[in-house]
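Report on the structure given below.
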Amino acid sequence: MLIDGACHCGAIRFSAEIDPSKVMLCHCTDCQVLSGSPFRHVVPAPVEKLSVAGNPKTYVKLAQSGNRRAQSFCAECGTPIYSAAAENPTWVSIRLGCVRQRAQLKPAAQIWQHSALPWLAELSSVPGSPEQQAISVAAPR
């Protein structure tokens, strides 16, 4: 499947060929912190199937797995774009939050579930709104 996307400000645009059956959620604490979310929605792609216009900034971290991972993001708006091995990558892990086709990319697997937030399974019972309408939430006593 061909996917494409961009960072929030548009300084970085990309396209990639992916296998949609490889989409996953990562619940590791690094992904929670780096994404500002309870998990990260990702898909792998071979480096040679990724085309990037713009110059992402890279931050190298030591992952919970013990591997050094290069985190590529827009230096202007901070949007995470992909990660890869810090040296000689053959695959990238594309961050699906900035992919136009993200609604079509249902996760097929979840990893690092021991770090998953315990309330995720209860989200369907939490009141919601289709837009930014005020929702009444009881104040703590």
Checklist entry - How many nm separate the modelled label positions at MET1 and GLU87, each set 7 Å beyond the Cα in the direction of the Cβ? => result 3.5
Item to check | Percent of Cα-Cα distances greater than 25 Å, calculated over region 2-117 | outcome: 14
Checklist outcome for this item: quick note, region 2-117, DSSP beta bridge pairs, % antiparallel (nearest 5) is 90
Checklist entry - Can you tell which of VAL60, GLY36, ALA84 lies farthest toward the positive end of the dipole of region 2-117, using +1 and -1 charges on the Cβ of basic and acidic side chains (Lys, Arg; Asp, Glu)? => result GLY36
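A short reminder: the numbers here are calculations on the coordinates, not readings from a lab. Remember, it's a predicted structure, so these values are computed and weren't measured experimentally. A quick note on method: Cβ atoms are made from the backbone with ideal geometry, for glycine too, and the neighbour counts reach across all protein chains shown.
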